[in-house]
Structures are given as structure tokens and as C-alpha cells.
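Have a look at the structure below before the remarks.
The values are calculated or read from the model by the stated rules, or taken from the named source; none is laboratory data. Owing to the predicted nature of the structure, the values given are computational and were not obtained by experimental measurement. Neighbour counts run over all protein chains shown; Cβ positions are idealised from the backbone, glycine included. To get the accessible areas, we keep the full protein, side chains included, count just its heavy atoms, and leave off ligands, DNA and RNA. Shrake-Rupley method; radii C 1.70, N 1.55, O 1.52, S 1.80 Å.
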Amino acid sequence: MTVRLATYNVRGMKDSVPALTRVIGALRADLLCVQEAPRLLGWRSRREALARSCGLRVVAGRRLGGVAVFAAPRVRLIDAQSHVLRIFAGLEARGLAIAVVEVEGARLAVGSTHLDLNGAARLRHVTEAMALLEAAAARFGAAPVLCGDFNERDHQPAWRYAATRLTDCYPAAPRGDGPTFTARHPQARIDAVFASPDLRVHACGGAEAAPADLAAASDHLPVVAELESGAGLRGPVMNP
């Protein structure tokens with residue numbers, strides 16, 4: 001089973017929504033992890049409208065933290081969780097949305113997060129998010145996948161921690177250029193998909209979308225990974 005899993009910081013849908021819709025459509029994602037999802041007035045209906053316009057549905061994520069997971073029709077939701085990560089005085093609240101899903105019999109625990117600009121907070125939050133994600137994965141016999149805007153590069157502590165637990169998909173099977181920020185002049189790879197070693201990475205890179213749409217849709221570029229499941233990822237659903 002091969003699944004297309006993407007991550008995208010949509011900047012609160014403050015840019016061109018038609019361009020954003022076209023970019024998300026071009027991802028052809030089974031699962032899309034969203035950061036900076038709308039979280040002010042009408043946040044729920046705006047998220048649902050965006051997902052619906054792209055042939056997806058919202059399966060995890062609440063207002064606080066601005067993170068969500070969208071899924072395609074062929075994806076079956078098993079469990080959804082929303083966590084607020086440790087609050088630091090003076091810093092923005094950060095969250096983790098987890099969707100435990102089944103795609104053609106294979107189970108994934110997919111987490112969407114958005115780390116802080118503060119380095120100490122990033123490291124605390126990534127360790128917290130990883131523990132929550134791994135617990136959800138173990139509970140349901142699923143392969144963990146952590147996606148998001150990490151607000152740092154691959155030589156920095158939070159990124160390095162994630163890479164010790166999971167596979168950084170882009171260097172494992174790169175497709176195209178790696179930088180994701182800014183969308184107009186990409187110079188830094190700060191958005192990523194980290195997948196369980198039990199998943200084979202076929203390819204990871206940017207969206208096959210029109211450059212004008214990518215520049216107009218958000219200040220970040222999306223990342224999409226093609227992952228293949230192996231044995232041992234099919235287990236009975238455990239009772240909550």
C-alpha cells in the first residue's frame with residue numbers, strides 16, 4: 001500500500017484561497033497535515049470549506065494551536081486527538097493534532113504540529129509531541145508519522161531529535177529542491193515529513209503545482225511524501 005502524505009503551512013488562509021485550493025489539489029494527498037489553519041471567527045467552517053473544496057475532510061484538530069489533519073475519502077478514521085503542548089509565558093500556544101487512520105488495511109498515526117520560533121520551546125514541544133504520537137501509534141498498532149512547520153533547519157536540536165526517532169523523508173528519497181520557505185524565494189527547509197522506519201519512502205519533495213499558485217497561496221511551500229507500508233502495521237483496534 002502506497003499513501004501520499006503532505007504537510008502545508010497555509011498562513012491562516014490569508015493569501016489567495018483559489019490558489020491555495022489549486023495547490024492542495026495538486027498534492028493529490030491521502031492525508032494533509034495543516035499548520036496555521038484558521039482559528040479565529042468561523043474557524044471550523046473555514047477549515048471544513050477548504051478541505052471540502054479539495055475533495056478532503058477534516059479528521060483532527062481544534063482551534064488552539066492552529067493545526068489539523070485532512071483526509072481523502074479512501075482513508076478510514078480510527079481515532080482523533082488534539083493536544084495543547086506545554087504553555088510558555090509570552091509565547092504562542094502550540095498544539096498537536098493526531099489522526100490514527102487506516103488506508104487499504106495499513107494503519108498510520110499522523111501528527112501535525114507547528115513549532116515555536118523559540119529554540120528551547122521547540123525542543124520541549126517536539127519531545128512532547130513525539131511521545132504523544134508514539135503512544136497513539138502503539139495503542140492502535142500504527143506507524144507514526146510526524147509532519148509540520150519546524151521553524152528550524154536540519155542541523156538544529158529539535159529537528160535532530162525528530163530525526164533520531166523517525167526518518168526525515170526528504171533526504172531519504174529527495175524529489176526536486178528541498179527549501180520550503182519562503183514560497184517566493186525558498187532558501188530554508190523548515191517544513192518536513194518524518195516517518196516510521198517501518199515505512200518505505202518512495203519520494204519526498206514539493207508540489208507539482210503552478211509556480212504562480214505556489215507563490216500566491218502561502219508564504220510556505222508544501223511537502224509531499226509517498227510512503228509504502230510494510231508488515232506489522234495491521235492490528236486490532238483497541239478500546240479507548
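Select from segment 86-121 the residues that are among the β-branched types (V, I, T) and either touching a residue at least 60 places away in the same chain (Cβ under 8 Å) or out of contact with any Ser or Thr (no Cβ under 9 Å at 6 or more places or on another chain) (or both) and write down the one among them that is farthest from A6 (Cα to Cα).
Taking segment 86-121 and keeping what is among the β-branched types (V, I, T), we get 87, 98, 100-101, 103, 110, 113.
From what is left, the residues that are either touching a residue at least 60 places away in the same chain (Cβ under 8 Å) or out of contact with any Ser or Thr (no Cβ under 9 Å at 6 or more places or on another chain) (or both) are 87, 100-101, 103, 110, 113.
On the way: I87: 27, V100: 15, V101: 15, V103: 15, V110: 10, T113: 13 Å.
Of everything passing the filter in segment 86-121, I87 is farthest from A6 (Cα to Cα).
Being open to solvent by 10 Å² or more (accessible area, probe 1.4 Å), among the hydrophobic types (A, V, I, L, M, F, W, C), over 19 Å from C33 (Cβ atoms) and at pLDDT 95 or above is true for just one of A172, A183, A215. Which residue is that? Working first, answer last.
Numbers: A172 fails: over 19 Å from C33 (Cβ atoms); A183 fails: over 19 Å from C33 (Cβ atoms).
One residue alone meets the criteria, A215.
Looking for something touching a residue at least 12 places away in the same chain (Cβ under 8 Å), open to solvent by 50 Å² or more (accessible area, probe 1.4 Å) and closer than 18 Å to N9 by Cα - is there at least one such residue anywhere in segment 127-145?
No: segment 127-145 contains no residue that is touching a residue at least 12 places away in the same chain (Cβ under 8 Å), open to solvent by 50 Å² or more (accessible area, probe 1.4 Å) and closer than 18 Å to N9 by Cα.
Restricting attention to segment 55-82, report how many residues are under 16 Å from the mean Cα position of the chain (by Cα), farther than 25 Å from M130 by Cβ and part of a loop (DSSP other than H, G, I, E, B).
2
Taking the criterion of being open to solvent by 20 Å² or more (accessible area, probe 1.4 Å), among the hydrophobic types (A, V, I, L, M, F, W, C) and either at pLDDT below 95 or touching a Leu at 6+ places or on another chain (Cβ under 6 Å) (or both), would at least one residue in segment 67-82 satisfy it?
Taking segment 67-82 and keeping what is open to solvent by 20 Å² or more (accessible area, probe 1.4 Å), we get 73-74, 76-82.
From what is left, the residues that are among the hydrophobic types (A, V, I, L, M, F, W, C) are 77-78, 80.
Now restrict to residues that are either at pLDDT below 95 or touching a Leu at 6+ places or on another chain (Cβ under 6 Å) (or both): none.
So far as segment 67-82 goes, no, none of its residues is open to solvent by 20 Å² or more (accessible area, probe 1.4 Å), among the hydrophobic types (A, V, I, L, M, F, W, C) and either at pLDDT below 95 or touching a Leu at 6+ places or on another chain (Cβ under 6 Å) (or both).
Just wondering, is there one or more residues in segment 35-53 that are open to solvent by less than 20 Å² (accessible area, probe 1.4 Å), outside any helix (DSSP H, G or I) and in contact with a Ser or Thr (Cβ under 7 Å, 6 or more places away or on another chain)?
Quick first cut of segment 35-53, residues open to solvent by less than 20 Å² (accessible area, probe 1.4 Å) only: 35, 37-38, 47, 50-51.
Those still in the list that are outside any helix (DSSP H, G or I) too: 35, 37-38.
Among the residues that remain, those that are also in contact with a Ser or Thr (Cβ under 7 Å, 6 or more places away or on another chain) are: 35.
Checked segment 35-53: at least one residue is open to solvent by less than 20 Å² (accessible area, probe 1.4 Å), outside any helix (DSSP H, G or I) and in contact with a Ser or Thr (Cβ under 7 Å, 6 or more places away or on another chain).
Check whether at least one residue in segment 187-199 is without any contact (Cβ under 8 Å) to a residue 40 or more places away in the chain, farther than 15 Å from S16 by Cβ and hydrophobic (A, V, I, L, M, F, W, C), and report yes or no.
Narrowing segment 187-199 to residues without any contact (Cβ under 8 Å) to a residue 40 or more places away in the chain: 187-189, 197.
With farther than 15 Å from S16 by Cβ added as a condition, the list becomes 187-189, 197.
Among the residues that remain, those that are also hydrophobic (A, V, I, L, M, F, W, C) are: 188.
Yes, there is a match, as at least one residue in segment 187-199 is without any contact (Cβ under 8 Å) to a residue 40 or more places away in the chain, farther than 15 Å from S16 by Cβ and hydrophobic (A, V, I, L, M, F, W, C).
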